[in-house]
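Engineer: Take a look at this one; I'll ask things after.
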Amino acid sequence: MAEPSSNPLPGSRADADRLRASMSRLMDIYAGISETAAAPGQTRCPYKDARARCTARFPCRNQFYKVVGEKAICTGSDDLDYRLAWET
C-alpha cells in the first residue's frame, strides 16, 4: 500500500497558509530589489543614461561634447548633488 502524502491537499487551509507565506517572502525579495535599484537615483543625475551620455535638453556644466551631433558625455560625479550643475 502507498503511504499517505505529507503534502496537504490543494484547497486546504495549510495550502493557503503556505501560499500566503510564499507570497510574503516574494514581496520581501522584490522590496529589496526595488530599494537597491532606487538607491543610485538618489545621487545620480536622472539625465545620465547607462553609457554616461547626457539626455538632458538643457545646458549643464557637466556636459562634454566629444563629437558634434552626438549626445554629450556626462562628466559629473555620481557622488555630487547634480542639481547644482543645472543652469536655470
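Here is a yes/no grid of residues against (1) assigned to a loop (DSSP other than H, G, I, E, B); (2) at pLDDT 70 or above; (3) not basic (Lys, Arg):
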| site | (1), (2), (3) |
| --- | --- |
| 3 | yes, no, yes |
| 8 | yes, no, yes |
| 21 | no, yes, yes |
| 32 | no, yes, yes |
| 56 | yes, yes, yes |
| 71 | yes, yes, no |
| 84 | no, no, yes |
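Engineer: Residue pairs, Cβ under 8 Å, 6 or more apart or interchain, first in segment 38-53 and in a helix (DSSP H, G or I), second modelled with pLDDT of 70 or more. List them.
Structural biologist: Pairs found: 40/78.
Engineer: Conditions first: (1) over 19 Å from the mean Cα position of the chain (by Cα); (2) modelled with pLDDT of 90 or more. Residue 28 passes all but one, so which condition is the exception?
Structural biologist: Failed condition: (1).
The values are calculated or read from the model by the stated rules, or taken from the named source; none is laboratory data. A quick note: this is a predicted structure, and the numbers were derived from the prediction, not measured. Reconstructed Cβ throughout: ideal geometry from the backbone, glycine too, with neighbour counts over all protein chains shown.
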